[in-house]
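Remarks on the structure that follows.
Just so it is clear, none of the values below were taken in a lab; they were calculated from the coordinates. Only a predicted model underlies this, so the values are computations on that prediction, with no experimental measurement involved. Cβ placement follows ideal geometry from the backbone for every residue including glycine, while neighbour counts extend to all protein chains displayed.
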Amino acid sequence: MKVLRSPLFAGMLSLLSMSGTVAQTQAQPELPHVAVLATGGTIAGTAESSTQTTGYKPGVLSAEALLKSVPSLGKVAQVTGEQVANVGSDDMDNEILLKLAKRVNELLSDKEVSGVVVTHGTDTLEETAYFLNLVVKSDKPVVVTGSMRPATAIGADGPSNILQAVTVAASPEARGRGVMIVLNDRIGSARYTTKSDANALDTFKSVGSGYLGTLVNQQPLFEMRLAKKHTTDTPFDVSKLNALPKVDIIYGYQNDNGYMFDAAVENKAKGIVVAGVGAGSESRFIRPAIKNAIDKGVVVVRSTRTGGGFIPEDAAYFGLLGDSLNPQKARILLMLALTVSSDPARIQEMLHTY
Ligand code: ASP
């Protein structure tokens, strides 16, 4: 990395050099204990200048450095930090997902721990958050956060998002609401919140369903509860899992092709999510290949590429209904559903329940 001259960069460099897997903030012992699990992303990313907000390196700073960048954390909670991974979230995989989920459950089973925060790249943050929403076995708060600007940027959003995420995770009112996504003063449910813009700071939206709450003066104000079942009310148990069934997503478009489905079947996919046009419609070009995949035992789920809405019954099309799950979240649920059942009726029920 190039030597950086401004005081800001000198500060960032000193944080970079810190090492160790467990970090701790100074705080009053009566404050709740929140464990922060760092996985990388832009929030831990650095660039060569304070104006660079693209082309930087994600997943550079340690968990300890992230905590040190928010001195007021110690007024909110006793915070410990651990590094689970340090990757851009485009590189997040099932192995890290399982390791993270097991560690979250381990921490939450400790009566001294009040809540967990996961720092994550924003690109696939919603997938990890929804996975945790389905496999965490506790009603203690779990909050996933990230940032759109690297830690070295002027106006970096990471420190404020970490403070807000820890504040929500420390709040007794946050219990029992499922896994939450907290950025930019908003508290969203992992079930509905999605990254809606490739570049904008306020990219996380919960279109069509609203937010669980907001933060005012850094204090959480809750307004809604998630109606779908989650966490302790799901049958999913990751404690003995070392891998997840392979599920692919195939995008729908004009003049599309069945060979993508044939390739998924050949490559031993156990499930396929169709990111269909409109309300999960399937063109005449792909229907025979979808039927063939189903006949071979692959579970197919219809979803929509539109970014919102619900998938209705339609006798013309093949596959289960993805409810209001976007394709990437339908994939997460289908992977977990396939760990407990291969019965299409039972999987359909799960798609509507969680
Ligand atoms: N590419 C980054 C990641 O997902 C983007 C971010 O964190 O905002 O890791």
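Going highest first, how would you order 301-307, 129-135 by mean Cβ packing within 10 Å?
Ranking the peptides 301-307, 129-135 by packing returns 129-135, 301-307.
Using only the alpha-carbon atoms, how far is helix 344-353 inclined from the longest principal axis of the chain? Give it as 0 to 90 degrees, nearest 10.
Tilt of helix 344-353: around 40 degrees.
Rank these for me by crowding, R175, R149, going from fewest to most other beta carbons within 10 Å.
Ascending Cβ contact count within 10 Å gives the list R175, R149.
Using only Cα atoms, figure out Rg for segment 52-96 and give it as a multiple of 2.2 N^0.38 Å.
So segment 52-96 has a normalised radius of gyration of 1.42.
What is the distance in Å between the Cα centres of segment 304-341 and segment 66-107?
Answer, in whole Å: 29.
Relative contact order for segment 95-235: what is it in percent, counting Cα pairs under 8 Å that are at least 6 residues apart?
23 percent.
Please report, in whole Å, how far the alpha carbons of the chain spread along each principal axis, starting with the longest.
62, 44, 36
List every residue whose amide H lies under 5 Å from the amide H of Q83, counting only residues 5 or more places away in sequence or on a different chain, with H placed 1.01 Å from N in the peptide plane.
It is A38, by chain and number.
What fraction of the DSSP beta bridges in segment 68-205 is antiparallel, stated in percent and rounded to the nearest 5?
Of those bridges, close to 50 percent are antiparallel.
Among A165, A315, A65, which one shows the highest mean-square fluctuation when the chain is modelled as a Gaussian network with alpha-carbon springs under 10 Å?
A315
Which FRET efficiency, nearest 0.05, do D295 and D90 yield, Cβ-Cβ r, R0 30 Å?
0.35
To check you understand DSSP bridge types, tell me what percent of the beta bridges within the chain (both residues inside) are antiparallel, rounded to 5.
Of all bridge pairs located within the chain, approximately 35 percent are antiparallel.
Over the chain, what is the mean sequence separation of C-alpha contacts under 8 Å (at least six apart), divided by residue count, expressed as relative contact order in percent?
Dividing the mean separation by the residue count of the chain yields 13 percent.
How charged is the neighbourhood of R287? Take every other residue with its Cβ under 14 Å from the Cβ of R287, and add Lys/Arg as +1 and Asp/Glu as -1.
-2
With runs of 4+ DSSP H residues as the only contributors, calculate the mean residue ellipticity of the chain at 222 nm using -39,500 (n - 2.57) per run, divided by the residue total and rounded to the nearest 500.
Result for the chain, helices only: -8000 deg cm²/dmol.
Report the local net charge at N184: Lys and Arg +1, Asp and Glu -1, summed over other residues whose C-beta lies under 13 Å from its C-beta.
0
Can you sort V136, V216 by how many other beta carbons sit within 10 Å, fewest first?
V216, V136
Test of understanding: ordering D197, D262 by Cβ neighbours within 10 Å, fewest first, what list do you get?
D197, D262
Report the extension gain between K111 and K229 in nm, rounded to one decimal, defined as 0.36 nm multiplied by the number of residues separating them, less their alpha carbon distance.
Roughly 40.1 nm would be gained on extension.
Return the FRET efficiency for the residue pair A279, S196: r is the Cβ-Cβ distance, R0 is 22 Å, and the value is rounded to the nearest 0.05.
With a Förster radius of 22 Å, E is 0.65.
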